[in-house]
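A.B. asks: Below is one structure. I have some questions about it.
The values are calculated or read from the model by the stated rules, or taken from the named source; none is laboratory data. Keep in mind the model is a prediction, meaning the values are calculated, not measured. With ideal geometry, Cβ positions are generated from the backbone for all residues, glycine too; neighbour counts draw on all protein chains shown. Each accessible area value is taken on the protein alone, full model and side chains, heavy atoms only, with ligands, DNA and RNA left out. Shrake-Rupley method; radii C 1.70, N 1.55, O 1.52, S 1.80 Å.
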Amino acid sequence: ELNLNDFTVAPNEYDLLIVAKPTLPFDEKDKFKIDQYITHGGKVLWFIENLAADIDSLKRTPVYSPKSFGLNLEDMLFKYGVRVNDNLIQDLQANPIPLVVSVDNLGNAQQQSLFPWLYHPILTNSNSEHPISKNLGAVQGEFVATIDTIRQDKVKKDILLTSSQYTKVFYPPIKIEINQARAQNNPEQFKKSFQPVAVALEGQFESVFKNRLAAKTEAMIASLDGFEFKELSEPNKMVVVSDGDIIKNDYDARNRRPLPLGYNKFAQKNFENKTFVLNA
């Protein structure tokens, strides 16, 4: 049962909602607010990842098994036309991370070298026809999942970003070890080519709460001054990305400042994350 006593929806006041790497479950009340924001014309950028995987976890333990955030958004996104999968991709087209290659007599790191970290893919296969990804260079990701598109007759789906030709897909239980970066990889084993990781949706979105509201909730909604529950949106748009870190700046700890969005401090390269986000 939804508790809507403090319910507010103001699609005319906000041009855009950015859902950037949530880590806690959404309750039904908040999902209802977002759903009705969408059906009333609000635009959303979803940067969603289901598995709690990050490079910092590997600094604390040599082997790490990412767990699900349990975001409770699956039914909403499915209704709108996509599924962000509970998996992780490895891509031979990837950014590097530093690993220790020699130590002194006390066991302190003496020398480091860069190794490709296949969980940090470089996403270059973009849709050259879509205005978001047209003429877009490489975008960097961190611990990226795949996205499936779901048939919805009123919604058009355009894949914006994919992994490279040489991709593997792993499903839980997944064990991630930092020394996996040292492995010699055979391209013939990376056969899940061009996995979608960012999708633009355009059309009329059906409310995930259609035919799901109890009579008591419907009465509460009817009592809200000026609010109308909408089962179907007018023509609208949203973007779903299966990586919350695409919109995250890295941090320069030595100088205590954020780095430009898309700059990789190990590769010392600028990627087009900022352009992608601004285009979206």
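A.B. asks: Is it the case that K21 is open to solvent by 10 Å² or more (accessible area, probe 1.4 Å), under 20 Å from the mean Cα position of the chain (by Cα) and not polar (S, T, N, Q)?
C.D. replies: Criteria met by K21.
A.B. asks: Now for a different question. Hand me the list of strands (runs of 3 or more DSSP E) wholly inside region 57-168 holding 2 or more residues that are open to solvent by less than 40 Å² (accessible area, probe 1.4 Å) and among the aliphatic types (A, V, I, L, M).
C.D. replies: Fully inside region 57-168 and qualifying: 82-84, 88-91, 94-103, 109-123, 155-162.
A.B. asks: Same structure again: Confirm whether Q180 is out of contact with any Cys (no Cβ under 9 Å at 6 or more places or on another chain), surrounded by fewer than 20 Cβ atoms within 10 Å (Cβ to Cβ) and assigned to a loop (DSSP other than H, G, I, E, B).
C.D. replies: no
Conditions tested, residue by residue: (1) hydroxyl-bearing (S, T, Y); (2) touching a residue at least 12 places away in the same chain (Cβ under 8 Å); (3) closer than 23 Å to P131 by Cβ.
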site	(1), (2), (3)
A198	no, yes, yes
L213	no, yes, no
V241	no, yes, yes
Y263	yes, yes, no
F266	no, yes, no
T275	yes, yes, yes
L278	no, no, yes
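A.B. asks: Further question: For K216, are the conditions met, namely being among the basic types (K, R), open to solvent by 40 Å² or more (accessible area, probe 1.4 Å) and either under 25 Å from the mean Cα position of the chain (by Cα) or closer than 25 Å to G81 by Cα (or both)?
C.D. replies: For K216, the condition - among the basic types (K, R), open to solvent by 40 Å² or more (accessible area, probe 1.4 Å) and either under 25 Å from the mean Cα position of the chain (by Cα) or closer than 25 Å to G81 by Cα (or both) - is not met.
A.B. asks: Run down F78, F115 and say which single residue is out of contact with any Gly (no Cβ under 7 Å at 6 or more places or on another chain), under 16 Å from E142 (Cα atoms), among the hydrophobic types (A, V, I, L, M, F, W, C) and modelled with pLDDT of 90 or more.
C.D. replies: Of the residues listed, the single one that is out of contact with any Gly (no Cβ under 7 Å at 6 or more places or on another chain), under 16 Å from E142 (Cα atoms), among the hydrophobic types (A, V, I, L, M, F, W, C) and modelled with pLDDT of 90 or more is F115.
A.B. asks: May I ask you to say which residue of V155, V101 is farther than 25 Å from I38 by Cβ, among the β-branched types (V, I, T) and more than 17 Å from the chain's Cα centre (by Cα)?
C.D. replies: V101
A.B. asks: Taking the options F47, F26, F32, name whichever one is open to solvent by less than 60 Å² (accessible area, probe 1.4 Å) and closer than 28 Å to E177 by Cα.
C.D. replies: Values: F26 fails: closer than 28 Å to E177 by Cα; F32 fails: closer than 28 Å to E177 by Cα.
Unique residue meeting the criteria: F47.
A.B. asks: Also: Report every pair of residues separated by at least 6 positions or lying on different chains whose Cβ atoms are under 9 Å apart, first residue within region 30-46 and more than 21 Å from G244 (Cα to Cα) and free of Cβ contacts under 8 Å to residues at least 40 places away in the same chain, second open to solvent by less than 10 Å² (accessible area, probe 1.4 Å) and assigned to a strand (DSSP E or B).
C.D. replies: What qualifies is Y37/V44.
A.B. asks: Here is a list of conditions, (1) open to solvent by 30 Å² or more (accessible area, probe 1.4 Å); (2) modelled with pLDDT of 95 or more; (3) in contact with a Lys or Arg (Cβ under 7 Å, 6 or more places away or on another chain), and P187 meets all of them except one; can you say which number that is?
C.D. replies: Looking at each condition in turn, P187 falls short on (3).
A.B. asks: Here's a follow-up. When you scan region 253-280, how many residues do you find that are basic (K, R) and at pLDDT below 95? Give the steps one after another, and end with the answer.
C.D. replies: Filtering region 253-280 down to residues basic (K, R) leaves 254, 256-257, 265, 269, 274.
Applying the additional criterion that residues be at pLDDT below 95 yields 254, 256-257, 265.
Total satisfying the criteria: 4.
A.B. asks: Would you say D250 is at pLDDT below 95 and under 22 Å from L161 (Cα atoms)?
C.D. replies: Yes; evaluated as a whole, the condition is true for this residue.
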